[in-house]
Structure formats: C-alpha cells, structure tokens
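Remarks on the structure that follows.
The values are calculated or read from the model by the stated rules, or taken from the named source; none is laboratory data. Note that the structure is a prediction, hence the values are computed from the model and not measured. With ideal geometry, Cβ positions are generated from the backbone for all residues, glycine too; neighbour counts draw on all protein chains shown.
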Amino acid sequence: MALLAINRLCAPGSELAIEERWYPSTALDDLLGIEEGKINDTRLYRCLDRLLPHKTKLERHLTRRYGELFAAEFDVLLYDLTSSYVEGAGEKDPMMRRGYSRDHRPDCKQVVIALIVNVEGFPLSYETFDGNRADVTSLEAVLRMVERKYGKARRIWVFDRGIVSEENLEALRRRGGQYLVGTPRAKLKQFQQQLLAGGWEQVRPHVEVKLLPTPQGEERYILCRSTARRAKEQGIRSRFSTRMEKALQALQKRVAEGKLKDRYKIERKLGSLQARHPQVADLYDVGVTEKGGALAVEWKAREGRQTWQRAREGAYLLRTNLPPGEPAQLWKDYIQLTEAEAAFRALKSELSIRPIFHQRERRAKAHILVAFLGYALWVTLKHLLRRKDSALSPSKALALLGTLVSADIVLPTTDGREIRLRRVTTPSAEQKQLLCQLGITIPDRLSFDQECSADSKIA
C-alpha cells in the first residue's frame, strides 16, 4: 500500500509500469526494504483487492495525524464533487454510468467522487457514487457516512449551489448542523432592489458584499459582487449575443429574399437557433410576421431583461444559518471552498486519478483510495513547505529532490572479489536548503542486502 501511495504522489502510473519502469529506477528497495524482484503487477493487484476494508481506519488515522502535526481542525467542512471517467466498457462495474462529465468526456462511463476537506485542504473522507448520480442527491448519504465514522457533532458545512436544495438544508438543520452555501442564480431576482441599491462593504479591491437578513431571522443572505467576475460574464454574454444576432440577421435575410417561404420551417429554424444559444435566448423577442402576403422574421432586444442581465452580472448570493456575523467574514469563509477545488485539481493533474483503467468495481474503488492516500501525502508536503515559508509547490519540490541519486561503487580486490559501496550524490545548495526545511537528512551511504549494479534515484 505504501508503494502504491508513493507512486501516486511521485510518478503516477499503472501497476505494470511500477513493476517494469518506475520501481527499478528508485531507491525504494533500500528505503522500504522490499527487494526489486518481489514487486510485480500481480502482487500490486492483490494489494488493491485487499485495500478497501481498511478505508475507514486509514481516514481516521490521517485525521488524527493532521491534528498532531498541524493542529488541524475539522469543525468546518468543505464539500464538493467531481467525476473521473473510465477507459473501456466497464461492464463488470455497475458503478460506472454515463452522466454529466466534468472532464468533457461524455463518450465514456464515469464515477462520481464526493470529497470532504477542512478549510486548509486536509481531507476528512470521500465517497464514490454511480456515474449518473446528481450532485444534489448526494449530501444525505455523505452526512450519514460522516456521522457513522466520526460521530454526531455540530459541524459547519460549506458547499456550492449545485448541492443546494431545501431538502438538503432541512436535513442539516435536523442534525443540528450549520451551513454556508451558494444559491441558484435565479434566486437573485428576489433581491433585485438590494442589488441595485447602495450600502455595500468592500472586502477586497474588486469584491463587495452586503448582508440581507430575512424576516424570520433564522437565515441570512449575503449578496456579493465581483468586478472580475462581472467582466468575465459580460464577455461571455457579449460573445453569445453577437452569435445570436448574426444568426437572426442571416435568417431574416433568407426569408426576405424568398429563399425560405414555409412558415413552419421558419419557426423551426427560430426554435433551433434559440436552442443553440440558451445563454441569451431569453434576451430577445423573436417571431414570424406576415406583411402584404409575405412572411418576415422580426426580432428585438428585450430592454428590461437585458438591463437586469447587466445588473446581475458578477453578482452571486450566499445563504447561511450561522449566527449573525460580519458579511465580510462569511464571504471569506465561503471562499475557502477553493481548497476543495484545489484538492480536485491535485487529484486530476499531479496525482492523475483519471482515467480509470480498472474494469472491476473493487479495483476501481481501490484506485480512488490510492489517489486519496496520494493526496494525503501531497497536502502534507504542501503544508510542510508552507510552514517553512517555502515558495516551492509539492510538485516542484519533488522534481528538485528527484535529481538526487544513489550509485554502487564496485571495487575489485587482489583476490578476485568485489567490494560494493552504495553512495548518495552530494545535494546541491538548493536541495540542501529544501531538505533542511523538511527536516530530512540524507545519509552518505545506504545499506543493502542484495547486489545492485544499476544506478537508482532516491524517491
């Protein structure tokens, strides 16, 4: 298991790649005490088959160690979901289904992964769901899972609008839980007057917030707007509006020139055009009219709708049942959700959780568990570096240390025998500084029980 997790952190690859290329090029036979000949893909597959029953114990152990090493707390939990696709048919894995693919691979079956981390990115747990599972239906199962493993507690949950529903929020309230969540964009319409009015508080150079108490007093809304987000949304709207208007003008010209005379076909073209531009279709009034016996396409911008669209660009709404507090602090707490997004980026990029090649359910789940353990190592290294004010990321630190190698020096004797000495190359100044920051001491020589004639990198 240690070997699989280390590989996932340092150089993610298949079990066969570990056996044939990666493990022989490392010094793990010295560091782990496992001879090179004992590592093969069959043993690694058997390890995957036996790994899942230990998932809960591993998660609890990691949570305890994070507390010991970094004083990490798990009273505020960030919850988010992602997906990973499988290569192949996945016929032996009922969990693999076709659904919304965050990897832009709708042609592949996938599995949904729900991850729970604290505000510093330390993972508490994760859960896997069928690939066609809707985000909003996952929270209840995750709440039960966390209570089963860690007991009932008054936790604060932070998640985005894709998981928000009245049923989910009620489930949290029944458990005595608190929440700070995003809301669907449509809910902004209820606060149109407050959005257009003043009274904003500046929390960052480009971010403003406003607290909106509810009449009942049980919940509060935090209205937020960002100039950077507004510029992005304006650019998107402008791009789609330009495409929509060009398409309308082209259709209008075809009808005017008599190239399209059937009213039914014209209406179908209009419907198809609106379906291709759903982002801005409601900003225009379109229709087919008849003038002097000739059909014509008419369209115009809906000024009221476009005014509201411009007003809400860059704005979003948060919802919470936390005790009254400063809106700026509530916004900062919600922004911590980026730690969960960073965890998914690490899983998908540095740790290469995708694609999944295993075709059996238990091995696919074990693959995700190994990636979870790899992320545990990754985030630990990240915080060790941060503690020493290092500017290096975990991937850059690993790349820097990856150039350290050990080599066997073979000295022949006068009686025909050989003396083998395994030496480690002298670290550079930059490597020495990093090793000092991490509290790692590299020995001048490594002891070994077997002959080794190839150079080996220290993992």
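Here are the numbers for the structure shown:
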item	result
Candidate set: the range 309-340, residues that are touching a residue at least 12 places away in the same chain (Cβ under 8 Å) and out of contact with any Leu (no Cβ under 9 Å at 6 or more places or on another chain); chosen: the one nearest to K210 (Cα to Cα)	A328
V142, sole failed condition from (1) within 28 Å of W308 (Cβ to Cβ); (2) aliphatic (A, V, I, L, M); (3) buried (at least 19 other Cβ atoms within 10 Å of the Cβ); (4) under 18 Å from the mean Cα position of the chain (by Cα)	(1)
Flag if L195 is modelled with pLDDT of 85 or more, closer than 16 Å to P323 by Cα, hydrophobic (A, V, I, L, M, F, W, C) and not in a loop (DSSP other than H, G, I, E, B)	no
Selection from the range 149-161 of residues that are within 18 Å of I113 (Cβ to Cβ) and in a loop (DSSP other than H, G, I, E, B)	D160
Residues being part of a strand (DSSP E or B) and within 17 Å of the chain's Cα centre (by Cα) - total across the range 92-130	15
Single match in L248, L223 (criterion: at pLDDT 90 or above, aliphatic (A, V, I, L, M) and part of a strand (DSSP E or B))	L223
Residue identified as at pLDDT below 80, out of contact with any His (no Cβ under 7 Å at 6 or more places or on another chain), loosely packed, with under 14 Cβ neighbours inside 10 Å and of a type in the set (S, T, Y) among S447, S428	S447
Matching residues, the range 229-259, being of a type in the set (A, V, I, L, M, F, W, C) and in contact (Cβ under 8 Å) with a residue 24 or more places away in the chain	A231, I236, F240, M244, A247, L248, L251, V255, A256
Criterion: surrounded by 13 or more Cβ atoms within 10 Å (Cβ to Cβ), modelled with pLDDT of 90 or more and more than 30 Å from E326 (Cα to Cα) - qualifying residue of R243, R268	R243
Any pair with Cβ under 8 angstrom, 6 or more apart, that starts in the range 4-24 at a residue that is within 16 Å of P355 (Cα to Cα) and ends at one that is of a type in the set (K, R)	G13/R21
Top-ranked residue of the range 107-137 - restricted to ones that are more than 30 Å from H383 (Cα to Cα) and small (G, A, S), ranked as surrounded by the most Cβ atoms within 10 Å (Cβ to Cβ)	G131
When residues of the range 390-423 are limited to those that are assigned to a loop (DSSP other than H, G, I, E, B) and touching a strand residue (DSSP E or B) at 6+ places or on another chain (Cβ under 9 Å), the one surrounded by the fewest Cβ atoms within 10 Å (Cβ to Cβ)	T413
Candidate set from the range 94-105 (those that are touching a strand residue (DSSP E or B) at 6+ places or on another chain (Cβ under 7 Å) and not basic (K, R)); member that is surrounded by the most Cβ atoms within 10 Å (Cβ to Cβ)	M96
Flag for D29 being of a type in the set (D, E), touching a Cys at 6+ places or on another chain (Cβ under 8 Å) and not assigned by TED's automatic domain parsing to the domain that holds T403	yes
Verdict on E350 being surrounded by 14 or more Cβ atoms within 10 Å (Cβ to Cβ) and more than 30 Å from G131 (Cα to Cα)	no
Within the range 1-53, tally of residues that are surrounded by fewer than 20 Cβ atoms within 10 Å (Cβ to Cβ), of a type in the set (V, I, T) and in a helix (DSSP H, G or I)	1
In the range 261-284, residue farthest from the chain's Cα centre (by Cα) [restricted to those that are free of Cβ contacts under 8 Å to residues at least 24 places away in the same chain and not in a helix (DSSP H, G or I)]	D262
Those residues of the range 1-56 which are of a type in the set (G, A, S) and more than 12 Å from V370 (Cβ to Cβ), in sequence order	A11, A17, S25, A27, G33, G37
Residue match in the range 131-148 (condition: within 20 Å of G177 (Cα to Cα), without any contact (Cβ under 8 Å) to a residue 60 or more places away in the chain, touching a strand residue (DSSP E or B) at 6+ places or on another chain (Cβ under 7 Å) and in a strand (DSSP E or B))	no
Residues within the range 287-314 that are out of contact with any Gly (no Cβ under 9 Å at 6 or more places or on another chain), under 28 Å from A231 (Cβ atoms) and part of a strand (DSSP E or B), tallied	2
Counted residues, the range 360-389 - those being in a helix (DSSP H, G or I), among the charged types (D, E, K, R) and surrounded by fewer than 19 Cβ atoms within 10 Å (Cβ to Cβ)	4
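Condition check ((1) closer than 22 Å to L52 by Cβ; (2) among the acidic types (D, E)) across all residues:
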{"position": "V86", "(1), (2)": "yes, no"}
{"position": "R97", "(1), (2)": "yes, no"}
{"position": "R105", "(1), (2)": "no, no"}
{"position": "Q110", "(1), (2)": "yes, no"}
{"position": "D135", "(1), (2)": "no, yes"}
{"position": "E140", "(1), (2)": "no, yes"}
